[in-house]
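The values are calculated or read from the model by the stated rules, or taken from the named source; none is laboratory data. Because the structure is predicted, anything quoted here is derived from the model rather than measured. Methodologically, a virtual Cβ is constructed for each residue, glycine included, from the backbone with ideal geometry; neighbour enumeration extends over all protein chains shown. What goes into the accessible areas is simple: the full protein's heavy atoms, side chains included, and nothing from ligands, DNA or RNA. Shrake-Rupley method; radii C 1.70, N 1.55, O 1.52, S 1.80 Å.
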Amino acid sequence: MKLIVAEKRSVAQSIAKFLGRSYKSQKLYGVSVYRFNYGGGEAVAIGLSGHIMDFDFAARQNVWTWLPPEELFNATPILVLRGETLKYVKALKSLATKADEVYLALDADVEGEAIAYETALVVKMVNPRARLYRVRFNAVTYKEIVSAFQKPTYIDLKKVEKVFTRMQVDLTLGAVFTRFLTLTVRNSLNKGQFLSYGPCQTPVLGIVVTRELQRRNFKPEKYYVIKAVVEIGSSKVEMSADAKFKTKGEAEAIAATIKRGVVKIAVYKPHYVEPPEPLETVELERRASRWLGINSKKTLDIAEELYRAGYISYPRTETTIYPPTLDLKEVLEELTAGEHGPYALELLRKGFKPTRGDSDDGAHPPIYPTKGATRAEIFKVFGKAGGHAWAVYDLVVRHFLATLSPPALVEKQKIVVSFGKIELSAEGQRTIDEGYWRIYPWERQPEKPLPRVAPGEPARAVEIRVVERETEPPPQMTESELLALMKKYGIGTDATMQDHIYTNIKRGYVKLVKGKCIPTALGISLATSLFQYAPELIEPTVRAKIEKSLNSIVKDGVSPAKLIAEIKLEFSKYYQNLKAKREEIKKALETALYSIQQQSRG
DNA sequence: GCAAGGTC
């Protein structure tokens, strides 16, 4: 028998569908498996739920108060089966005993390689004679799957080493510093509360706190601008000077010279506003946070459910190019059955051209709808969560339709009038063709048309004012901006970025209020201590540095043991720096913890 | 009780 192991249920089912003409689905220990005929014999496909193994410390090393945290730098984590996925392991073992060939059809990324290795270990436990092959496909399509199975290869151990090194490094650093922080203030914590450190969560906190401190330390400065209503022919235009004046006197002196002028520039030029690129996870989260008021964690949860219910494609993807194998026309035809049907029909009739981004994760297509639906249908399927489910589904559908739609066409307008000593200007815009804005209202740009005038026309300023203004602090960090910064700094992956924000919320370091990330007293205190005594732990570039050295395992053949030793040595220095300031840190954190307790009591 | 990464 041939056994095929995929990373998730949906892929196992697709493989059964593509390789067998028909298949039978069955439950084994509560896990779906798919039986079919392939190559003249029996085959069965099973989908896991991601990793089945994990690293942990030995039991006695997990007694926080018994072992000084820094001792973990001398410990070696061990590979263990995960408790949460034991039913998958049971089902896998039971199938593996009867298999003579095992095809490791995990995703074609480094994590998939590691899960393939974990699977191989389990298979070998029960059936050492089974022949193991690794198959790699870049999309779950008939063509890719069939050709992948025609040329099976072997596990790439370098990639496995990279992932296992990351697991050990993250666990060790997380455990050492989490235990240090927690034990430092243990008498001031509530039962079950702890203070965590992580190479992703902590830099995220650092970004949020840095912005908040910039705002708090900001000193506004007054400045003055000149505004006027300018008559040109029979039109009146509100105009302003680009210049900013430090004092009111300077501005008034110049303003007094403004009387009659002449139009120097008058341009009206067409400009295309292109529709968005195909949708990937983080963009979905950012747009839902900004436009729908749904936070990133919730959005990914809802998207996951929409995917499981068959309404949208796999929601964890970094790809922004529709694969050639995806039949966009078919998707449009499917959408004609739902609320966006009329627009889909219009695109089918008029023709369409998809936009294209520049990234392809090699595993999943961009997020697109897989089924047309009405609002009533979604509310029926999702019950209480119907409102949010509809909002996210509607965004995915509209985004998809937008990527196939023509650009919007606007006229960019600019008038500059010269008044001798100073120029006043105005910018405006007029919509010529709404294009994709019709289906994607969130990106619609406002109309603010200027009159048609020509260079050389005389002008006269009336209602000349000097207006007092103040420089403004940087805005509060929105969740959308934070996600963009995490992406820029390489903190987390598409599937985990929202987790790292959520961890900061769970720990009481950050609050998310109306899409804005606001650090708490505890978050500010923790971040400030780290910036002061061990900045290497909290700077936004930490994760990218670790990630880069991990890649050297795959690229340059660096030995994992050597790399782990180097990273431990480096971070044990940071640990010593923190330990030397333990009393200062304790005081700062306790002050914050105390103020929070007072607040919750009062 | 620690992390980050898969996926549910």
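Below, the figures for the structure above:
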{"item": "Tally, over the stretch A:52-84, of residues that are within 10 Å of DNA strand B (Cβ to nearest atom), part of a helix (DSSP H, G or I) and open to solvent by 40 Å² or more (accessible area, probe 1.4 Å)", "result": "2"}
{"item": "Filter result for A:T182 (within 13 Å of DNA strand B (Cβ to nearest atom), in the same structural domain as A:G39 (by TED's automatic domain parsing) and at pLDDT 95 or above)", "result": "no"}
{"item": "Residue match in the stretch A:245-252 (condition: surrounded by 17 or more Cβ atoms within 10 Å (Cβ to Cβ) and of a type in the set (A, V, I, L, M))", "result": "yes"}
{"item": "Residue count, the stretch A:198-229 (criterion: farther than 30 Å from A:S480 by Cβ and surrounded by fewer than 20 Cβ atoms within 10 Å (Cβ to Cβ))", "result": "3"}
{"item": "Helices (runs of 4 or more DSSP H) contained in the stretch A:427-534 and holding at least 2 residues more than 14 Å from DNA strand B (Cβ to nearest atom) and open to solvent by less than 40 Å² (accessible area, probe 1.4 Å)", "result": "A:479-489, A:521-533"}
{"item": "Long-range neighbours under 6 Å by Cβ, at least six apart or interchain, first residue under 18 Å from A:A363 (Cβ atoms) and modelled with pLDDT of 95 or more within the stretch A:111-123, second away from DNA strand B (no atom under 12 Å from the Cβ) and open to solvent by less than 10 Å² (accessible area, probe 1.4 Å)", "result": "A:E113/A:V160; A:A114/A:V160; A:A116/A:L104; A:A116/A:R134; A:Y117/A:V160; A:T119/A:V5; A:T119/A:L104"}
{"item": "Complete set of residues in the stretch A:354-374 that are in a loop (DSSP other than H, G, I, E, B) and closer than 16 Å to A:E305 by Cα", "result": "A:Y368, A:T370, A:K371, A:G372, A:A373"}
{"item": "Qualifying residue in the stretch A:97-108 (condition: open to solvent by 60 Å² or more (accessible area, probe 1.4 Å) and either at pLDDT below 95 or within 13 Å of DNA strand B (Cβ to nearest atom) (or both))", "result": "no"}
{"item": "Selected residue (only one of A:N551, A:N577 is farther than 25 Å from A:E70 by Cβ, open to solvent by 30 Å² or more (accessible area, probe 1.4 Å) and not assigned by TED's automatic domain parsing to the domain that holds A:D361)", "result": "A:N551"}
{"item": "Residue ID - most open to solvent (accessible area, probe 1.4 Å), chosen from residues in the stretch A:315-338 that are touching a residue at least 12 places away in the same chain (Cβ under 8 Å) and assigned to a helix (DSSP H, G or I)", "result": "A:K329"}
{"item": "The one condition in (1) under 24 Å from A:Q498 (Cβ atoms); (2) open to solvent by less than 30 Å² (accessible area, probe 1.4 Å) that A:V237 fails to fulfil", "result": "(1)"}
{"item": "Count of residues meeting criterion [under 24 Å from the mean Cα position of the chain (by Cα), outside any helix (DSSP H, G or I) and among the hydroxyl-bearing types (S, T, Y)] in the stretch A:151-207", "result": "2"}
{"item": "The stretch A:137-179, residues that are more than 16 Å from DNA strand B (Cβ to nearest atom) and small (G, A, S)", "result": "A:S147, A:A148"}
{"item": "Test: residue in the stretch A:281-298 that is open to solvent by 70 Å² or more (accessible area, probe 1.4 Å) and not basic (K, R)", "result": "no"}
{"item": "Filter result for A:I232 (more than 16 Å from DNA strand B (Cβ to nearest atom), in the same structural domain as A:Y440 (by TED's automatic domain parsing), of a type in the set (A, V, I, L, M, F, W, C) and open to solvent by 30 Å² or more (accessible area, probe 1.4 Å))", "result": "no"}
{"item": "Boolean, A:S49 is open to solvent by 20 Å² or more (accessible area, probe 1.4 Å) and either assigned to a helix (DSSP H, G or I) or more than 16 Å from DNA strand B (Cβ to nearest atom) (or both)", "result": "no"}
{"item": "Residues satisfying the stated conditions in the stretch A:19-46, i.e. in contact with a Ser or Thr (Cβ under 8 Å, 6 or more places away or on another chain), in contact (Cβ under 8 Å) with a residue 40 or more places away in the chain and open to solvent by 30 Å² or more (accessible area, probe 1.4 Å)", "result": "A:L28, A:Y29"}
{"item": "Any chance A:L195 is touching a residue at least 12 places away in the same chain (Cβ under 8 Å) and either more than 16 Å from DNA strand B (Cβ to nearest atom) or surrounded by fewer than 19 Cβ atoms within 10 Å (Cβ to Cβ) (or both)", "result": "no"}
{"item": "Whichever residue in the stretch A:521-546 is without any contact (Cβ under 8 Å) to a residue 40 or more places away in the chain and among the charged types (D, E, K, R) and, among such residues, is nearest to A:R507 (Cα to Cα)", "result": "A:E536"}
